[in-house]
Structures are given as C-alpha cells and as structure tokens.
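Presented below is the structure to which this report refers.
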Amino acid sequence: MAAGRFQIFRTGIDGIEAVIADSRLSFARHTHETYGIGVVERGAQKSASGRGMVEAEAEAGNTITVNPGEVHDGAPLGDAPRAWRMLYMQPAIVAVAAEDIFEGRPREEFHAPVLEDGRIAGLVSALLAALLDDHAAALARDERLLLLLAAALQERAPQRETIASSAIAQARNRLDDDPAAAVTLDALAADCGLGRFRLVRDFARSTGLTPHAHLLQRRTELARRLIAAGTSLAEAAIAAGFADQSHMTRNFTRRYGYTPGAYLTARA
C-alpha cells in the first residue's frame, strides 16, 4: 500500500514539530518519545492505543492524541485515504506548560486518545497556523500553546476561579501604553505577578480578548490614526509595531472589513 504524502515541518517553537499527512498507510504498532496532538481533516481512521481502540472522523471535528511511550497504530476506515495534521511536542515543553497551567498540580497526560470537543480541534488548528507562520509573534505562539494544552490535559472543565482584576488591569495598561513595543508572554506575566496561563485566561475573561488579540487591536487602532494623520502605509505599519505592511493590512481588514489603502483613499 502506498505511503501517501507526508510533510514534516520545524515550527516557531523549538521542540515542536508538525506533520501534515494524506495517506492510506496502515501503521504498525509503535511509540513516540513525544506528545502528539492533531486533527483529522478528511476521512476517518481507527487506532489501537494504550487507552483502548478508538475511531476518529473529520466530520466529527475529532482531535487525536498520543502520550510519550504509548503503544498505538492507525489505519484508515474504509478504502479512502485520510488526511491529518499532527503536532509532536517534547515532554519538557508539556511539563513546563502543565506546571504553569495547573499551578504545580500534576497533570501531564492526555486522558483520551480521541477528544470529541470541537473547540479543542480549533485550538490545534490555531496553534499550528501560528507555529508555521514566520511572522507570528512569540506572544501568539505561547498563548495558543497554553490554551490548547489547558483544554487537552483536563478531563473535566475546571471550576471557575476569581479573576485577578488588578493584575489584568496592569497588563492591559502596559499593552495600551505602548502597543508598538515588542512584548513576550513571560515578560507580561512577570510584570503583573501571574502565571502565563492565568494571565491569558483571566485577561480573556475580563476583556473578551487574549493579550495577543488585544495587542493587535491596539496596533490596528494606532495604524489607523497614523494613516489618518498622513503617514504612509509602509511607515504606519512599522510605527504601529507590525512586521510589515502586509501584516498590517491583514489585521486591519480582519477588523474593519476594508484595507488600509481603501481607508487612505477615502480620506483623500
């Protein structure tokens, strides 16, 4: 049986690799030294795992997982090939994230080989997109990694905790005061005295946006003001903290529905 198409990518975080596959291949039983988490994009597959025999389907929005050292296999359901995307993470990355997310409480295992929560599949896709985007900010990558692992490592929804309002206000003020400045999740969390995941979670609960999404909103608003004041598009992009003009244009259009160029023309 043909192996099909397999692509392996280094990503924007050391210790995480991405594999994109489209194949009829039936895998022999094997293990990985890493954690694996991914989504079935087309078709369906069945697999034996250390947590039982399972099936995963693209239509169901299933997420598939594997823990380090877990014996598993995989085969398509039916005659058609299946397509899937996986992220493989070194154990040290998951351990550090879990320490942060669960504040020292042990939680370093995916509890099910197939997760049926469509929200988790969306988090996988969002993280993969950021990891493969050369222009993605470290803040975006770290934020999405924590959100995915927080969802995938928990068997039950966590109890709602009190929002650290004053710390969130401090973090928000830092982003608002100088949106063009480069900032990392580590630095932002240290400044307001919260763990990285607690910062992302409470910021989103308080404002409706994650820290990275809030920063992009503020940068877009700054770019709009600069363009209105007569700054060229290329100069406005850099002055507002975007990697380049195309990055500004994507974010501007996503938020307002029209391009910076159209905005400039309308003001002429």
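Out of L185, L209, one residue alone is under 20 Å from the mean Cα position of the chain (by Cα) and modelled with pLDDT of 95 or more. It is L185.
A count restricted to the range 60-86 and to residues that are closer than 18 Å to F110 by Cβ and either part of a loop (DSSP other than H, G, I, E, B) or out of contact with any His (no Cβ under 6 Å at 6 or more places or on another chain) (or both) stands at 17.
Results for (1) surrounded by fewer than 17 Cβ atoms within 10 Å (Cβ to Cβ); (2) hydroxyl-bearing (S, T, Y); (3) at pLDDT 90 or above; (4) more than 14 Å from the chain's Cα centre (by Cα), shown as yes or no for each residue.
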| site | (1), (2), (3), (4) |
| --- | --- |
| Y88 | no, yes, yes, no |
| D100 | no, no, yes, yes |
| V114 | no, no, yes, yes |
| D117 | yes, no, no, yes |
| G122 | yes, no, yes, no |
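The number of residues in the range 48-65 that are under 16 Å from S125 (Cβ atoms), out of contact with any helix residue (DSSP H, G or I) (no Cβ under 6 Å at 6 or more places or on another chain) and open to solvent by less than 60 Å² (accessible area, probe 1.4 Å) comes to 6.
Highlighted here are the strands (runs of 3 or more DSSP E) found entirely within the range 1-47 that include at least 3 residues which are touching a residue at least 40 places away in the same chain (Cβ under 8 Å) and surrounded by fewer than 17 Cβ atoms within 10 Å (Cβ to Cβ): 27-30.
Okay, residues lined up against (1) under 21 Å from E108 (Cα atoms); (2) modelled with pLDDT under 95; (3) not aliphatic (A, V, I, L, M):
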position	(1), (2), (3)
L128	yes, no, no
D134	no, yes, yes
L148	yes, no, no
E155	yes, yes, yes
S165	no, yes, yes
A181	no, no, no
D191	no, yes, yes
R198	yes, yes, yes
D202	no, yes, yes
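Within the range 187-219, the set of residues being closer than 27 Å to R250 by Cβ, outside any helix (DSSP H, G or I) and either polar (S, T, N, Q) or open to solvent by less than 40 Å² (accessible area, probe 1.4 Å) (or both) comprises T210 only. From the list E33, E57, E41, the lone residue that is in contact with a Pro (Cβ under 9 Å, 6 or more places away or on another chain) and more than 30 Å from L194 (Cα to Cα) is E33.
The values are calculated or read from the model by the stated rules, or taken from the named source; none is laboratory data. Predicted model, so just to flag it, every value in this text is computed and none were measured. All Cβ positions, glycine included, derive from the backbone under ideal geometry; neighbour counts span all protein chains shown. With ligands, DNA and RNA removed, areas are computed over all heavy atoms of the protein, side chains included. Shrake-Rupley method; radii C 1.70, N 1.55, O 1.52, S 1.80 Å.
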